[in-house]
Amino acid sequence: MPEYKGVLTTEDRLLAKTWDRIYIKLVGTDGESQRKALSRGSYPESVFKVKVDHNNSIGKLVLIELEKKTGLLPPQDSWFPAKVELKSPEGETFHFPIHRWITDDEVHQFREATACLVFDDSHPLASQSRTEELKQRKKQYRWSIYAEGIPHCMKIDFFHGLPDEVQFSYTKQAEFGFTAIQGLIELKLDGLAARKEKWTSIDAIGKVFRHKQTALSEYVQQNWKKDSLFGYQFLNGVNPMVIRRCSVLPENFQVTDQMVFLRGGRSLTKEMQSGNIFLCDYKLLDGLKANKVNGKQQYLMAPLVLLHKTPEDQLMPIAIQLKQEPSEDNPIFFPTDSEYDWLLAKMFVRSADFQDHQLNSHLLRTHLLAEVFSVSLLGNLPMVHPLYKLLVPHTRYTLQINALARNLLISESGIFNTITSSGGEALQKILQRATSSMTYTSLCIRDDIKERGLESVPDFYYREDGFQMWDIINRFVQGVLGYYYKEDSDVQRDTELQTWVLGIFVHGFLSRPESGMPQKLNTVAELVKFVTMVIFTGSSQHAAVNNGQFEYGSWMPNTPTTLQRPPPTSKGTADESSLLETLPDVNATVNGMAVMYLLSKQSSDFVPLGHYPEEYFSERVPHQHMQLFKGELGLLSSKIEARNLGLIIPYTFLDPALLENSVAI
Ligand code: FE2
């Protein structure tokens, strides 16, 4: 009787093993085996043999069926198998990736690992299993509208929660708390969490700024008043997404040559022509009703900032207008104004930048988009699809982190609503406005930088590292997908792929053609660019806007989450006490520090970009490209490390060694 030799591997992680009885059945092109019970207890690998009744083998293996049967006594025991390998009587090896929790008594089918596009999946058993799997997935991964006008999210079954396969590991679950209290305790600030009073001095803030600090956060504390650090953050801080080259001043921001004295007697007009003038316009925040914090009205401005690139290649602010509408009580501030007028103006900009950064650049453009990419992928592509195999590691933990953010951060009672000026009514409006202006161009870093006119700005490390990262990801995606999609027509007739793309257009971009998002992909080149954007957004772009939150934000005067006095309407009245009156209360400050600490903290089961511990592919070519990818990322990491040695502020946010595969925090 012909015999298949097998090895079943269970994931090496907490609570992955089961004591329940496991059964396996092999299904081949020419027949199938009996259902075979596997022996209990060997972990993580269990070796077994399956005899088949046929005179010869059962042909090429198409799929296996796994079943876990609970014993007579509950409770049920969850099981997390990793893979099965089978050797046929003829000596051919077949791989079956699983990487799924099995918690029920049902029969689960898993396809042989060789990736296969829908139009090539011709064996009736294979295509039947494909159809069944997709039916099941579509039931599990459904859309829900959290709020009108923003990307849709995963509909979570109230009773069962998220599907087991996308939940946090027990390790991550145990480590991760999304409540500020955990961060407050780690920063030893819990004693201040209920103090609804104002700060009495900047020194008093310094006294609580002691734990978990880094070289960069201390540098920020020492230099927060400097124009050079203020300018630098528009390029290499946590929100490098607002600045653009300015060749014509906006009509509502009429700065003249006489107003700004540029060193060396340069004129503003000439400097604009030479490409040395830059603008940050926070019009997205205009006309919004600011939140109340501790029962007090807060203030949220929509500033315009003009910056000049000096001959020494520094980006220096030269004019700030805090409200969009020019008027007598809306003065334009200059570095030549009194120390406190200028400092307050910059502080209102930093606070506006915090709101734009958290809601637009961070939440919307990385977290919510990554969720859209993931739900569309998990609901529309079967495991055997090469794109599923390529992208599923880049969806890790995204659905759960976003569900937590919706429940604990931005919900009505969430921390965002209690400590920020854009909480409450403004939050939804900012997200809606940002969604309606989101474009495909802005998600592809090379196009985005070109569109913003920032190609030649010196010392712009977000751009330098981001371009290299984009190109490395692009080569990897080209290598893997180029192996499966030989012709443009392969892309066009892959109905599953097209459903994934359309799902993103409809649920992420709310079917807005003006977003420039593809509704359909026509060529291999278009596919490669699109998938590069998906991986870049979830790994690199998220890291660029996420990882520095504590370093730049923990020194509150550099990033006030809210401000509680209106800005000065005339010059010469501000002093230190008006600055302290304007800053957030003690409780808002320390809660803000705690949240930024938690949101920048790496978890111990972090998977760096380009590491694929779960082997979804069995073919040689994708594995070769994974090795190349890892090698290129390693080289880039060394280059960035060497470059950073010569910098006063090392730029680490796009160092591949510190990037995660997915939006997981
Ligand atoms: Fe994040």
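The values are calculated or read from the model by the stated rules, or taken from the named source; none is laboratory data. Small disclaimer: the values here were computed from a predicted structure and weren't measured. Because the Cβ atoms are built from the backbone with ideal geometry, glycine has one as well, and the counts that use them run over all protein chains shown. Each accessible area value is taken on the protein alone, full model and side chains, heavy atoms only, with ligands, DNA and RNA left out. Shrake-Rupley method; radii C 1.70, N 1.55, O 1.52, S 1.80 Å.
Restricting attention to the stretch 288-335, the residues being buried (at least 22 other Cβ atoms within 10 Å of the Cβ) and aromatic (F, W, Y) number 1.
Does any residue of the stretch 272-289 turn out to be among the basic types (K, R), under 30 Å from T418 (Cα atoms) and not assigned by TED's automatic domain parsing to the domain that holds D448? Among the residues of the stretch 272-289, at least one is among the basic types (K, R), under 30 Å from T418 (Cα atoms) and not assigned by TED's automatic domain parsing to the domain that holds D448, which makes the answer yes. Look through the stretch 641-665, keep the residues that are open to solvent by less than 40 Å² (accessible area, probe 1.4 Å) and of a type in the set (S, T, Y), and return whichever of them is farthest from the ligand (Cβ to nearest atom). The selected residue is Y651.
Consider F629 carefully, then state whether it is open to solvent by less than 20 Å² (accessible area, probe 1.4 Å) and either under 23 Å from Q549 (Cα atoms) or not acidic (D, E) (or both). Answer is yes for this residue.
Does F348 meet the test of being touching a strand residue (DSSP E or B) at 6+ places or on another chain (Cβ under 6 Å), open to solvent by less than 10 Å² (accessible area, probe 1.4 Å) and in contact (Cβ under 8 Å) with a residue 24 or more places away in the chain? In short, no.
All of P386, P317 fail the test of being more than 30 Å from R111 (Cβ to Cβ) and touching a helix residue (DSSP H, G or I) at 6+ places or on another chain (Cβ under 8 Å), apart from P317.
Please note which helices (runs of 4 or more DSSP H) are completely contained in the stretch 535-640 and include at least 2 residues that are of a type in the set (D, E) and away from the ligand (no atom under 16 Å from the Cβ).
Correct list: 576-582.
Against the criterion of being free of Cβ contacts under 8 Å to residues at least 60 places away in the same chain, in the same structural domain as K212 (by TED's automatic domain parsing) and assigned to a helix (DSSP H, G or I), A525 qualifies.
Of the listed requirements (1) under 22 Å from N558 (Cβ atoms); (2) more than 16 Å from the ligand (Cβ to nearest atom); (3) crowded, with 22+ Cβ neighbours inside 10 Å, K389 misses just one: (1).
Residues that are open to solvent by less than 30 Å² (accessible area, probe 1.4 Å) and either under 24 Å from S603 (Cβ atoms) or not in a helix (DSSP H, G or I) (or both): does the stretch 228-236 have at least one? Within the stretch 228-236, none of the residues are open to solvent by less than 30 Å² (accessible area, probe 1.4 Å) and either under 24 Å from S603 (Cβ atoms) or not in a helix (DSSP H, G or I) (or both). A count restricted to the stretch 15-40 and to residues that are touching a helix residue (DSSP H, G or I) at 6+ places or on another chain (Cβ under 6 Å) and within 13 Å of G71 (Cα to Cα) stands at 0. For the stretch 442-463, name all the residues that are surrounded by 16 or more Cβ atoms within 10 Å (Cβ to Cβ) and assigned to a helix (DSSP H, G or I). Correct list: S442, L443, I445, R446, D447, D448, I449, Y461, Y462, R463. Listed by first and then second residue, the pairs with beta-carbon distance under 7 Å, at least 6 apart or on different chains, first residue in the stretch 651-665 and more than 15 Å from K601 (Cβ to Cβ), second within 14 Å of the ligand (Cβ to nearest atom) and assigned to a loop (DSSP other than H, G, I, E, B), are N661/R396; S662/R396; S662/Y397.
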